[in-house]
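S.K.: Quick one: the structure is below, and I'll ask about it shortly.
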Amino acid sequence: MTETTPRDHDAVVIGAGFSGLALLHHLREIGLDTIVVDGEDGIGGTWWVNRYPGVRTDSEFSYYSFSFSKEVREEWTWTQRYPAGAEVLDYLNFVADRLDLRKDIRLNTRVDSAVYDEDANLWTVNFADGTSVTTKYLISGMGVLSQAIYPDIPGIDTFTGEKYHTAHWPRTGVDLTGKKVGLIGLGASGIQIVPVIAPEVDEFFVFQRTPNFIVETNNDAVSPEEMQYVRENYDEIYAKAAAHPFGVAMEPAEFSALEVSPEKRRAIFESKWNEGGFHFANECFNDLATNHEASELGSEFIRSKIREIVKDPATAELLSPTTYSFNGKRVPTGHGYYNTFNLPHVHLVDTEAEPITEITEKGLKVGDTEYELDVIIFATGFDAMTGTLTNIDIRGRGGRTLRDKWLEDGLKSNLGINANGFPNFFMSLGPQTPYSNLVVPIQLGAQWLQRALKWAEENGVERFEATPESEDWWAAETERTGKSTVMYSEGKKAKAWFLGENVPGKPEEFQVYMGGGQVYQQHCREVEESGYRSLLATDSASAPEPARA
Ligand code: NAP
């Protein structure tokens, strides 16, 4: 080992959600003195912050959890197939306690900036309270959908009623009983909130700009037998999820929607619709995400379901997307969403035909019509993938921020894991990591980083930094694979966050890798087998001769 400057910690992880907990556990295992810092006053990350009514997972419990701890697997009991947010939060707290993680987690510790000192090869992490720590490795576990955005609607600050963003929902809850409520935003968050608050409120105005294709879930309780089965077969279930392009423990479909008769196609769609949730997206046909015609057939099936469920034909029509096809937006799961529009006090307002022009003291205006409201809920999404990372000053070599790098050079990373110019800085779920059930890449990524840093420590490699070639290759690969999917052609039309289209002024770039989680994992393995060549931009002199892949 080379002589090193004294430091407070070997590793600092930002964020105490799924990523932070997995990283803390795995980095501890290789003897790194690691702390996790988080600006909130509870652990759980996205599940601590997102407390809006109806929040729950979109993936099933069996693969929306860690597989690495035998104790956690055996002792934790899930109660619902798609667990509610509070249950996931309990799970994460259980994980923290069972793995004795809490003692190394510092809550209420918000990072303002992190600055790399090239001479000392150290990061100084500066906190909002004016304190700081030094560390060799800095790791972001800040989540990919954490930087909430409000719409740019004139008068937004003039509203005198209550207003809430789904991502900043008060911990004490909100009493909506008997109130006139307006909701702006119908992505996965808005869609979960609609059926849950509708029975409480007096009058509910749902302002819809772009309708979504929602797959209903048929959520159910987890029986003791099912829980036992999952406990006994966890490794197989997890391996199946890891081998699936979207990180779900499902059988990838084997044939095209175009190669079966209309009757057979309808029967397959129907059976997977009834199974619920992502089974429809993943198990019907193998080309709903890659072929426009196939995606349009899936779209038409969902439109037919909307017509079946929603009694008023005009409302059904309005709820049916026509300007883009299935998979053009991240598919949300529903829990009685469409049925909610049969309630007489729930009104769907089309803000595509006539936009919201203004938020007033009393409510909001669509065209010239003013809707008087007691509460406005914003479910208007996030500056996804990059927003959280560019919102704080992460300064690498030469004082250049990650924000400036991505603004000036375009979005570039080595497999979403690290970036050139930022030695010993790593990202869990950085931009250009797979579009997937995220627990899978979080766990596999933490284990990959564990092996990488162990290797670096054992081989006297002081700096891991992405080579420029690796970033160029991955940016091209992310674009190439993304553009071969309907997520590109349809996502552009639908202003999808995975293309950056939802944030005014954000360049159109694939924020995630669409080539499949299993392909991504293969690329990660190749980096490992090559002796981490693509991470040795500044330390190749001290590295051992890399093994050939
Ligand atoms: P989102 O999918 O980005 O949806 C934002 C919504 O706000 C859209 O309907 C958008 O309309 C609307 N909007 C934004 N600005 C507007 C404006 N100026 N006027 C009118 N409407 C406006 O955000 P999200 O629902 O929070 O979901 C983001 C992602 O978080 C999801 O895709 C998912 O990956 C994740 N998420 C996951 C879960 C889960 O797994 N359980 C739950 C919630 C969220 P347009 O479509 O017309 O732009």
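S.K.: I'm trying to understand the selection: among the residues of the stretch 335-375, which are within 11 Å of the ligand (Cβ to nearest atom) and either outside the structural domain of Gly276 (by TED's automatic domain parsing) or in contact with an Asp or Glu (Cβ under 6 Å, 6 or more places away or on another chain) (or both)?
M.R.: Within the stretch 335-375, just Val366 meets the criteria.
S.K.: Go through the stretch 268-305 residue by residue and tally those that are farther than 15 Å from Val331 by Cα and of a type in the set (A, V, I, L, M).
M.R.: 3
S.K.: Right, something else. Looking at the stretch 239-271, which of its residues are touching a Cys at 6+ places or on another chain (Cβ under 9 Å) and in a helix (DSSP H, G or I)?
M.R.: Once the filter is applied, which keeps residues that are touching a Cys at 6+ places or on another chain (Cβ under 9 Å) and in a helix (DSSP H, G or I), the stretch 239-271 yields Ala257, Arg265, Ile268, Phe269, Ser271.
S.K.: Being within 15 Å of the chain's Cα centre (by Cα) and free of Cβ contacts under 8 Å to residues at least 24 places away in the same chain is the filter here, so list the residues in the stretch 496-536 that pass it.
M.R.: Leu499
S.K.: For the stretch 115-131, give me each residue that is β-branched (Val, Ile, Thr) and in contact (Cβ under 8 Å) with a residue 24 or more places away in the chain.
M.R.: The answer is Val115, Val125.
S.K.: Quick check: is even one residue across the stretch 351-373 closer than 29 Å to Pro83 by Cβ and either in a strand (DSSP E or B) or without any contact (Cβ under 8 Å) to a residue 12 or more places away in the chain (or both)?
M.R.: Checking the stretch 351-373: not a single residue is closer than 29 Å to Pro83 by Cβ and either in a strand (DSSP E or B) or without any contact (Cβ under 8 Å) to a residue 12 or more places away in the chain (or both).
S.K.: For the stretch 17-40, enumerate the residues that are in contact with a helix residue (DSSP H, G or I) (Cβ under 7 Å, 6 or more places away or on another chain) and among the β-branched types (Val, Ile, Thr).
M.R.: Ile30, Thr34, Ile35, Val36 - these are the residues of the stretch 17-40 that are in contact with a helix residue (DSSP H, G or I) (Cβ under 7 Å, 6 or more places away or on another chain) and among the β-branched types (Val, Ile, Thr).
S.K.: For the stretch 56-73, which residues satisfy the criterion of being in a loop (DSSP other than H, G, I, E, B) and of a type in the set (Val, Ile, Thr)?
M.R.: Hit for the stretch 56-73 is Thr57, nothing else.
S.K.: So, of the residues in the stretch 487-502 that are near the ligand (Cβ under 9 Å from one of its atoms) and closer than 19 Å to Gly387 by Cα, which turns out to be surrounded by the most Cβ atoms within 10 Å (Cβ to Cβ)?
M.R.: Trp497
S.K.: Check whether at least one residue in the stretch 132-141 is away from the ligand (no atom under 15 Å from the Cβ), out of contact with any Phe, Trp or Tyr (no Cβ under 9 Å at 6 or more places or on another chain) and either of a type in the set (Lys, Arg) or at positive phi (or both), and report yes or no.
M.R.: No, the stretch 132-141 contains no residue that is away from the ligand (no atom under 15 Å from the Cβ), out of contact with any Phe, Trp or Tyr (no Cβ under 9 Å at 6 or more places or on another chain) and either of a type in the set (Lys, Arg) or at positive phi (or both).
S.K.: Okay, moving on. Looking only at the stretch 361-375, count how many residues are among the β-branched types (Val, Ile, Thr) and surrounded by 23 or more Cβ atoms within 10 Å (Cβ to Cβ).
M.R.: Qualifying residue count, the stretch 361-375: 0.
S.K.: In addition: For Val181, are the conditions met, namely being farther than 18 Å from Thr380 by Cβ, crowded, with 18+ Cβ neighbours inside 10 Å and either touching a residue at least 24 places away in the same chain (Cβ under 8 Å) or out of contact with any Pro (no Cβ under 9 Å at 6 or more places or on another chain) (or both)?
M.R.: Taking the combined requirement at face value, the residue does not satisfy it.
S.K.: Any idea which residue in the stretch 157-214 is nearest to the ligand (Cβ to nearest atom), counting only those that are among the hydrophobic types (A, V, I, L, M, F, W, C) and assigned to a helix (DSSP H, G or I)?
M.R.: Ala188
The values are calculated or read from the model by the stated rules, or taken from the named source; none is laboratory data. Predicted model, so just to flag it, every value in this text is computed and none were measured. Reconstructed Cβ throughout: ideal geometry from the backbone, glycine too, with neighbour counts over all protein chains shown.
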